[in-house]
1. Would it be correct to say that Q140 is at pLDDT below 90, surrounded by 15 or more Cβ atoms within 10 Å (Cβ to Cβ) and farther than 30 Å from L179 by Cβ?
2. Is there a residue in the stretch 106-115 that is free of Cβ contacts under 8 Å to residues at least 40 places away in the same chain, surrounded by 12 or more Cβ atoms within 10 Å (Cβ to Cβ) and not in a helix (DSSP H, G or I)?
3. Among what's in the stretch 116-128 and is free of Cβ contacts under 8 Å to residues at least 12 places away in the same chain and among the hydrophobic types (A, V, I, L, M, F, W, C), pick the residue that is farthest from G89 (Cα to Cα).
4. Can you confirm whether E135 is assigned to a helix (DSSP H, G or I) and over 30 Å from Q77 (Cα atoms)?
5. Are any residues in the stretch 88-128 hydroxyl-bearing (S, T, Y) and under 18 Å from Q77 (Cα atoms), and if so, which ones?
6. Considering every residue within the stretch 127-143, establish whether at least one is closer than 30 Å to N96 by Cβ and of a type outside the set (D, E, K, R).
7. If you check every pair at least six apart or on different chains, which have Cβ atoms under 7 Å apart with a residue in the stretch 81-104 that is of a type outside the set (D, E) first and a residue that is surrounded by 15 or more Cβ atoms within 10 Å (Cβ to Cβ) and not in a helix (DSSP H, G or I) second?
Amino acid sequence: MIVENPNVSAQSVAWRIHVKQTIAGIVASPLEKKSKEMMLMSDDSELSFEEQVEEIREKGEGGEQGNFHEKTSAQLQWGIVAGISLLGGILGAFSNPAEPVSGFFVISFIFGGVAWAFATKSGTKFRKEFVDSMEEIEQQQQEQSVSTSSNVDQNVVCSECGWKNPNSNNYCHDCGEELG
């Protein structure tokens with residue numbers, strides 16, 4: 001007969017909780033940690049959680065790329081890119097056994113590009129410029145659609161044939177009927 005020791009199971013549960021908290025602490029980003037600290041320190045705060053996170057980002061405490069780039073050297077950043085690229089290449093080679101060399105280079109290039117965009121200063125700068133240019137293009141497209149819709153409003157439809165004529169026409173371009 002097996003006798004269960006209650007102290008052992010309680011220790012086991014406590015150990016599992018400790019391990020989960022440790023792993024969560026390692027995985028959690030500095031931004032999440034800082035925002036949790038702020039939430040615990042000021043429960044009576046008038047700021048919402050999102051506003052507090054934004055405030056932390058503005059201050060630069062526990063931020064994302066900015067602090068990473070300041071704390072790491074360029075050699076380490078490019079080492080990270082090379083390592084992730086190599087890892088991607090190995091995965092690509094194993095995922096395409098028929099042509100492992102092409103799999104290596106294609107997946108290595110993809111992984112390396114993503115790593116470059118997030119791990120280096122130049123990649124981060126490129127991403128920001130790309131997002132800005134995409135927002136500018138979207139704004140131009142919206143302006144064009146607004147101007148196009150305002151041009152549509154300037155058309156006069158002929159009552160005889162249904163032709164859409166510019167507002168400046170006195171007679172229909174299609175049938176010659178007077179527009180009124």
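The values are calculated or read from the model by the stated rules, or taken from the named source; none is laboratory data. Keep in mind that this is a model prediction, so the values were computed, not measured. Heads up, the Cβs are rebuilt from the backbone with ideal geometry, glycines too, and the neighbour counts pull from every protein chain shown.
1. no
2. no
3. Taking the candidates together, the pick is F126.
4. So E135 does not fit the description; no.
5. S108, T120, S122, T124
6. Yes, the stretch 127-143 contains at least one residue that is closer than 30 Å to N96 by Cβ and of a type outside the set (D, E, K, R).
7. The qualifying pairs are V81/T120; S102/N96; G103/N96.
Listed here are the residues, each with its yes/no results for (1) under 21 Å from the mean Cα position of the chain (by Cα); (2) among the β-branched types (V, I, T); (3) loosely packed, with under 14 Cβ neighbours inside 10 Å.
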site: Q77; (1), (2), (3): yes, no, no
site: I90; (1), (2), (3): no, yes, no
site: F94; (1), (2), (3): no, no, yes
site: Q154; (1), (2), (3): no, no, yes
site: E160; (1), (2), (3): no, no, yes
site: D174; (1), (2), (3): no, no, yes
